[in-house]
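Reviewing the structure listed below.
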Protein chains: 2
Amino acid sequence: MRQSKSLIPTFKEIPAGADIASHQLLLRAGFIRQTASGIYSFLPLGNRVLKKVEAIIREEMDKIGANEMLMPALQPAELWHQTGRWDTMGAELMRLKDRHDREFALGATHEEVVTSLIKDELNSYKKLPLTVYQIQTKYRDEKRPRFGLLRGREFVMKDAYSFHSSAESLDEAYNDMYQAYTAVFTRLGLNFRPVIADSGAMGGKDTHEFMALSEVGEDIIAYSDTSAYAANIEMATAADQYETTDETMQSLDKKATPNQKTMQEVADYLQHSLDKGLKSLLFKIDNKFVLVVTRGDHEVNDIKLKHLYQANDVELATERETQQIIGAGFGSLGPINIPEEVEVLADYAVKYVRNVTCGANEDGYHFVNVNPTRDFQVSRFEDIRFVKEGDLSPDGEGNLHFARGIEIGQVFKLGSFYAEKLGANFLNEQGKASTLLMGCYGIGVSRTLAAIVEQYHDENGITWPNQIAPFQVHLLVMNSKKEEQVSLGDTLYQLLLDKGIEVLYDDRKERAGVKFADSDLIGIPVRITVGKRADEGYVECKLRRTGEQTEHHQAEVIEYVQTLID
Amino acid sequence: MRQSKSLIPTFKEIPAGADIASHQLLLRAGFIRQTASGIYSFLPLGNRVLKKVEAIIREEMDKIGANEMLMPALQPAELWHQTGRWDTMGAELMRLKDRHDREFALGATHEEVVTSLIKDELNSYKKLPLTVYQIQTKYRDEKRPRFGLLRGREFVMKDAYSFHSSAESLDEAYNDMYQAYTAVFTRLGLNFRPVIADSGAMGGKDTHEFMALSEVGEDIIAYSDTSAYAANIEMATAADQYETTDETMQSLDKKATPNQKTMQEVADYLQHSLDKGLKSLLFKIDNKFVLVVTRGDHEVNDIKLKHLYQANDVELATERETQQIIGAGFGSLGPINIPEEVEVLADYAVKYVRNVTCGANEDGYHFVNVNPTRDFQVSRFEDIRFVKEGDLSPDGEGNLHFARGIEIGQVFKLGSFYAEKLGANFLNEQGKASTLLMGCYGIGVSRTLAAIVEQYHDENGITWPNQIAPFQVHLLVMNSKKEEQVSLGDTLYQLLLDKGIEVLYDDRKERAGVKFADSDLIGIPVRITVGKRADEGYVECKLRRTGEQTEHHQAEVIEYVQTLID
């Protein structure tokens, strides 16, 4: 494509409100433009990359036998009422009324539509399993759209849905999809990790998120330094494995700790380390009060509490409720002399402590030399804390490290949730009506594009991997006033096109400096510059990523470029 | 693709509410399903055809140097307020509010968004001309969605926009696009006509509609039987060419015509043919009253009136207004003795009549032996009627015939309308700010798919043209219980895949009759049936369109199929 005839508006300044590299560079290099907050146009270069990412996803989906289709964005409200998501999605679900005042949702996802479709068409075990997918625009009214394509309100997604007559069949499809996602992100050149994730409201089912590692990621991943274990920090398991101590139990004693409220304040006042204190928090779990005890250096993970109790709501009791029930405020809670109706739940780590401190349930006082079992009873010990860097990996291999990640995909065993709500049954081999089992699988296509830029850029611009670069070759004429340069440029442009090589030809009447800067910014892998030695038939090749430069005669440059591309 | 693993739900019954062949067949053959009124899902087969149509459009757009991009569907209301279309689009424009109560339109088209984008990026004549396009989902809240994909509320469209510094440049882009559309529809195998169309509200600019000829089309096309002339009936020109008569002028006379209201009633009563009467209608054209006179066998074309007066509103005066101004009701109007303030406008054909009848502007009376000029004055003669079949073609070659058409594309010179409203200027060669000129160009992609089915079907199902058939070959195993048939089927399936041939493999455990009926319904061009002679290695090939059947040995059938495809 001739650059003079295309829409590639580049600029130098760091755009206002763009805080991360992908957002800045995609704007500066002319790949995207904002139409409204969280809503973007893909300009020609951005669209080319998007289509290449889509093509790779499509190939891998087709390989595992998924059927591509295309469902509408306008979805009747009734379907969303049936699953309850019309209410639970809240303001994130965009809604509108048609001219007859009928309500519609703008598809944030397609479980409702696809299940209602399949319900009418798939009535027998003979037609199962089935996996369908689409690449389509989705709408979510994010509270804070930001980071360009990373968190937008209108975005491109690949969503897939599988339907099954048995859990084994769902497991198979889930594994196929997991492998396909691994293949997609590997082909895209991403540094990524599949991590164990939280299945959220639907509870209890398997789910993995695919995370592109990046410092700008909003998620924290805990991963083993020696094994394949990786989990979203919310879900990372702390093993029931701690060092035991042979310290002698001392006598329980009560000390005044006036005005010492936080764990750190109490530890400093009583002169011990944080891990020699017990942290006690009163939680309200679906209206039941539970005293949750962890080691002072650990943090309670309320998602683990939620799963443990299969609860809908988990929140801290208010100070008022705490005073009412325990008779002391937040700063002086502890598991000793707790009212019988309050369950005491402790983290595994609490089992192993000796001679520690805890609140005395009396404002301004703490117990010291506290020992579990001797001094207080625990209804059960469980894994209820966030893991810390350096913790043992739960698979027993290595220690946990933390990294930030951008969620680019998720695979999810939905089970029968949607099929039940929408009445999607099939006749099983015995001729009896059974509820369909489902899986759902998403890739944030436009978000993946941004994640790639986060991993592929340097101080001068983007450094696209070959397989998804907007063009394979950037051909530059240094001085458009020199006839021999233009003539050689035109010749090479045609030769490259004839070979089926995707080439962006910078034929603009701009200074060489502008052209080089734009070329670095845009980030096409191979650059051919027609410059001063054009009259002798020599041109220069430069690799964007490594900066490697070589000179070639026009007679052999195409062949050289061809080898680079292959 | 194995049919047993795909979603191709066929059925025999004519679906309720589906009145035309394409709607019925696309449903019955499992290409689409309705999600809500005018809103469809494309099932795997439908999606495959859609993607092939899109690919052909993309190729032809790229050939003329148009830049593909992708703009959002969510469009800020402010942009639509600026062009006035927030109001003029009425209920057809779907609207919604985000969580912050900001208003958005769901893109019915993208003139606003693209012009506002280009305005910020294209500031110099040096970057002009530029043509961009996208293939994207559009939303229009049709009053009466019907005919399946022909008139939907959510549909796929290719829309292109071109930007220019001069009218000549716009003409060039318009012609390029006209040629590209001709190439697209030719490659799609459509019987179509580009026709002169009405430019509507924007007035006066060139526009052509591309019409797929079809009896179910909602538009009527007038075309010459010997030349390339074709126009939407609204726009077809009636030439100022009529036979003259040497009949002697008779004396004007007034006759009672009690209770004779219509042209036909009066003609019957006075015993003459319809063309021997004058039809007079009082119109209100932007609040000015005009008496419009045509021959009795002709119909007034109010779009021509609108263009003639460059009017916003053209409507018939009410009976009350007519009585007030003329002193007579609808049935007795005529151009003789008309109040001076009422302009008399007559069709060209009126010039050539002699001794005709017209209303006497007195209820229950008509004049006979009326002759123009002698008996009444006309302020001007113009082409203001609908053409009739058999009329002379306005290019002087042949006679006009009528056909029905489905509008599948339109090319349009917008001029400066949007650029002015949105303040899209550029610096011209003299360094002065000028308003951009624009063209816009659309293809209804999903509608085109339906139009193809209208032209390609028979009593048994769809008969897809090769280039956009969902698969190239339909491979059937007649009896899935016969091992030798399954084994040969599997072998051929693999061989076809290895050759890169797109094959749908009916490996289902269904009766042969069901498979044949489904195959005819789906309409893949080439069918290979593995049947009774499988043990000898013989299979049958059948062409869907012609019904031609041949028998082939497995050793040479792939080669035969390859020649069919090429």
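Please treat every number below as a calculation from the coordinates, not as lab data. In this text, all values refer to a predicted model and were calculated from it rather than measured experimentally. Cβ atoms come from the backbone with ideal geometry, glycine included; neighbour counts cover every protein chain shown.
The stretch between A:Gln271 and A:Asp198, if pulled fully straight at 0.36 nm per residue, gains 22.4 nm over its current Cα-Cα span. Amide H to amide H, with H built 1.01 Å from N, A:Arg151 comes under 5 Å of A:Arg146, counting only residues 5 or more places away or on other chains.
Counting Cβ atoms of other protein chains within 10 Å of each Cβ in B:76-87 and taking the mean gives 1.
Across region B:50-59, rounded Karplus estimates of 3J(HN,Hα) from the backbone phi angles (6.51 cos²θ - 1.76 cosθ + 1.60, θ = phi - 60°) give 3, 5, 6, 4, 4, 5, 5, 4, 4, 4 Hz, Gly and Pro being marked x. Label-point spacing for B:Asp268 across the identical copies (point 7 Å from Cα in the Cβ direction), in nm and ascending order: 10.8.
Simple spin-label estimate for B:Asp62 and B:Asp101 gives 4.8 nm between the two label positions (7 Å along the Cα-to-Cβ direction from each Cα).
What is the diffusion coefficient of chain B in µm²/s, taking the Kirkwood radius over Cα pairs and the Stokes-Einstein relation at 4 °C with a viscosity of 1.567 mPa s? After rounding, the answer is 47 µm²/s. By the gyration tensor of its Cα atoms, with a ≥ b ≥ c the square roots of the eigenvalues, what is the shape of region A:471-565: rounded for a/c under 1.5, prolate for a/b over b/c, or oblate? The shape class here is rounded.
Each part reduced to its alpha carbon centroid, region B:73-88 and region A:535-565 end up 50 Å apart. Of the GluC sites (Glu not before Pro) found in region A:238-319, the ones in coil according to DSSP and having at most 16 other Cβ atoms within 10 Å of their Cβ are A:Glu243, A:Glu247, A:Glu299.
The same position A:Gln562 in the other copies lies at 2.3 nm from this copy, comparing label points 7 Å beyond Cα toward the beta-carbon, shortest first. Full extension of the chain between A:Asn371 and A:Lys205 gives 56.0 nm of extra length, using 0.36 nm per residue less the Cα-Cα distance.
A DSSP coil position with no more than 16 other Cβ atoms inside 10 Å describes the following GluC sites (Glu not before Pro) in region B:524-566: B:Glu548. Scanning chain A for the Cβ atom closest to the axis that brings A onto B yields residue and whole-Å distance A:Leu96, 2.
Peptide A:151-164 has a mean of 1 when you count, residue by residue, the C-beta atoms of other protein chains within 10 Å of its C-beta.
The mean sequence separation of alpha-carbon pairs under 8 Å and at least six residues apart, normalised by the residue count of chain A, gives a relative contact order of 16 percent. Quick one: go through region B:394-423 and flag any residue whose amide nitrogen is under 18 Å from the point 7 Å out along the Cα-to-Cβ line of B:Asp171. Counting only backbone N, you get B:412-416. Computed from phi, the 3J(HN,Hα) profile of region B:353-364 under the Karplus parametrisation 6.51, -1.76, 1.60 (θ = phi - 60°) reads 7, 9, 6, 10, 9, 8, x, 9, 6, 8, 3, x Hz, with x in place of Gly and Pro. For chain A, the mean residue ellipticity at 222 nm estimated from helices alone is -8000 deg cm²/dmol, where every DSSP H run of n ≥ 4 contributes -39500 (n - 2.57) and the total is divided by all residues, rounded to the nearest 500.
Say the dipole of region A:198-271 comes from +1 at the beta carbon of Lys and Arg and -1 at that of Asp and Glu; which of A:Thr257, A:Thr226, A:Met211 then lies farthest toward its positive end? Checking the options against the dipole of region A:198-271, the answer is A:Thr257.
Do the alpha carbons of any pairs in A:Lys52/B:Lys413; A:Lys254/A:Lys279; A:Lys413/B:Lys51; A:Lys63/A:Lys432; A:Lys205/B:Lys5; A:Lys63/B:Lys158 sit beyond 21 Å of each other, and which pairs? The pairs that break the limit, which is 21 Å between Cα atoms, are A:Lys52/B:Lys413; A:Lys413/B:Lys51; A:Lys63/A:Lys432; A:Lys205/B:Lys5; A:Lys63/B:Lys158.
For A:Lys542, a cut-off of 16 angstrom between C-alpha atoms picks up these lysines, skipping any fewer than 8 places away in its own chain: A:Lys515, A:Lys532.
For region B:253-382, what class follows from the C-alpha gyration tensor (a ≥ b ≥ c being the square roots of its eigenvalues): rounded when a/c is under 1.5, otherwise prolate if a/b is larger than b/c, else oblate? The shape class here is prolate.
Among the residues of A:61-70, the average count of other protein chain beta-carbon atoms within 10 Å of the residue beta-carbon is 5. Summarising the strand pairing of region A:440-566, around 55 percent of its internal DSSP beta bridges are antiparallel.
Taking 17 Å as the straight-line reach from the Cα of A:Lys119, the aspartates and glutamates in range (excluding those fewer than 8 positions away in the same chain) are A:Glu78, A:Glu111, A:Glu420. Across the protein assembly as shown the C-alpha pair distances fall into 20 Å bins from zero in the proportions 10, 31, 32, 19, 7, 2, 0 percent.
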